[in-house]
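In what follows, a structure is listed as structure tokens, so that the remarks can point back to it.
The values are calculated or read from the model by the stated rules, or taken from the named source; none is laboratory data. For clarity, every value in this text was computed on a predicted model and none was experimentally measured. In this analysis, Cβ positions are derived from the backbone assuming ideal geometry, glycine residues included, and neighbour counts consider all displayed protein chains.
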């Protein structure tokens, strides 16, 4: 009930500052044992009929947080307290990088959307891996943690496979699954790696390292032609890809209304997320699900705000769900609300 007031106050601040302040406040609240227990009781929804086994991993519920929110694995305890079934950290790159120049994150409130051009800003593999190791050593958490991995901006595309392999080796012991991110629009040339031969090279190299059969998934853009999606579907027959994430943000501004298209022009380049992406990402999900014939699971991402949105993704073929922009607009009750809705329709 209080979140709309808090959101209005936070929306008076620049988006990155609001993110930092809100997560700092959540950390402080979670550091008080009594309050942490009360918050967990408020936000978590635990029903056995929502558990899901995918990639050989048991998920307590199907609602996860997509990559880009907790880039450096700094808030996992707090996010677990809010009821997420899994959290995908990153995107992590081998070397630290600052990302693109600010301002680089923009709100479009009347369409519940965001535009970001963050540029894989993160503390780098070593810092993230060390933080995850420390947490694992002192915490008996059952939270499923995914590792979203990418290449450094300075790495040429021909050498991108090396960056992905470096990330894999550094995170293998501390994450439950991997997602290969070649679909962000905010690293120059990155989306070219969605071409079939580039993907074959990356996944072949990763699976050669993957002696413990850690699940490795592919995240794709919603802007791909069907012919490229067909190549990806064909590739899942040829090499071991354990699952797909559909989809990343879009560069398609036509999803916005006319007034917001003009606003978006002033905001500049970046990936659009939120409610306008729901239908476009669901169409990609349907196409992929039909093509792979249920052989591998798909995590749905893009425009999920409500239980009805979540159900539409599951009906389109999703096994798991990821939210991000919905979390910003709907607040910390979003996971519980979606879980309650899904449980009621079981």
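Applying the criterion of at least 2 residues that are under 29 Å from residue 27 (Cα atoms) to the strands (runs of 3 or more DSSP E) found wholly in region 242-346 leaves 271-274, 298-301, 320-323. Kindly provide the set of residues from region 281-309 that are on the phi > 0 side of the Ramachandran plot and over 19 Å from the mean Cα position of the chain (by Cα), ordered by number. Result: 293, 294. Just one of (1) within 19 Å of residue 67 (Cα to Cα); (2) free of Cβ contacts under 8 Å to residues at least 40 places away in the same chain; (3) part of a helix (DSSP H, G or I) fails for residue 168. It is (2).
Quickly run through region 100-137 and pick out the residues that are assigned to a loop (DSSP other than H, G, I, E, B), within 18 Å of residue 67 (Cα to Cα) and in contact with a strand residue (DSSP E or B) (Cβ under 8 Å, 6 or more places away or on another chain). If you could, list the steps in order and put the result at the bottom.
Residues of region 100-137 that are assigned to a loop (DSSP other than H, G, I, E, B), as a first pass: 100-104, 112, 117-121, 123-124.
When the remaining residues are screened for being within 18 Å of residue 67 (Cα to Cα), the result is 100, 104, 117-121, 123-124.
Once the filter is applied, which keeps residues that are assigned to a loop (DSSP other than H, G, I, E, B), within 18 Å of residue 67 (Cα to Cα) and in contact with a strand residue (DSSP E or B) (Cβ under 8 Å, 6 or more places away or on another chain), region 100-137 yields 104, 117, 118, 119, 120, 121, 124.
Just give me the residues in region 15-28 being exposed (fewer than 15 other Cβ atoms within 10 Å of the Cβ) and either free of Cβ contacts under 8 Å to residues at least 24 places away in the same chain or in contact with a strand residue (DSSP E or B) (Cβ under 8 Å, 6 or more places away or on another chain) (or both), in sequence order. Within region 15-28, 17, 20, 21, 24, 25, 28 meet the criteria. Does residue 231 qualify as being out of contact with any strand residue (DSSP E or B) (no Cβ under 7 Å at 6 or more places or on another chain), buried (at least 17 other Cβ atoms within 10 Å of the Cβ) and assigned to a helix (DSSP H, G or I)? Yes: the conditions hold for residue 231. For region 20-42, the criterion of a residue being within 30 Å of residue 346 (Cα to Cα) and not in a helix (DSSP H, G or I) is satisfied by no position. Has region 245-262 got any residue that is over 25 Å from residue 218 (Cα atoms), at pLDDT 95 or above and crowded, with 18+ Cβ neighbours inside 10 Å? For region 245-262, residues over 25 Å from residue 218 (Cα atoms), at pLDDT 95 or above and crowded, with 18+ Cβ neighbours inside 10 Å: present.
Within region 211-220, identify whether any single residue is surrounded by fewer than 19 Cβ atoms within 10 Å (Cβ to Cβ) and on the phi > 0 side of the Ramachandran plot, and answer yes or no.
Checked against the condition, which is being surrounded by fewer than 19 Cβ atoms within 10 Å (Cβ to Cβ) and on the phi > 0 side of the Ramachandran plot, region 211-220 yields at least one hit.
Would you say residue 178 is part of a strand (DSSP E or B), in contact (Cβ under 8 Å) with a residue 24 or more places away in the chain and in contact with a helix residue (DSSP H, G or I) (Cβ under 8 Å, 6 or more places away or on another chain)? Considered against the rule, which asks whether it is part of a strand (DSSP E or B), in contact (Cβ under 8 Å) with a residue 24 or more places away in the chain and in contact with a helix residue (DSSP H, G or I) (Cβ under 8 Å, 6 or more places away or on another chain), residue 178 comes out as yes. Within region 210-227, not a single residue is touching a helix residue (DSSP H, G or I) at 6+ places or on another chain (Cβ under 6 Å), at pLDDT 95 or above and over 22 Å from residue 284 (Cα atoms).
How about region 261-274: which of its residues are at negative phi and in contact with a helix residue (DSSP H, G or I) (Cβ under 6 Å, 6 or more places away or on another chain)?
Hits for region 261-274 are 261, 264, 273.
The residue of region 67-99 that is surrounded by the fewest Cβ atoms within 10 Å (Cβ to Cβ), among those that are on the phi > 0 side of the Ramachandran plot and touching a strand residue (DSSP E or B) at 6+ places or on another chain (Cβ under 6 Å), is 73. In this structure, residue 278 does not qualify as over 20 Å from residue 111 (Cβ atoms), modelled with pLDDT of 95 or more, under 20 Å from the mean Cα position of the chain (by Cα) and buried (at least 16 other Cβ atoms within 10 Å of the Cβ).
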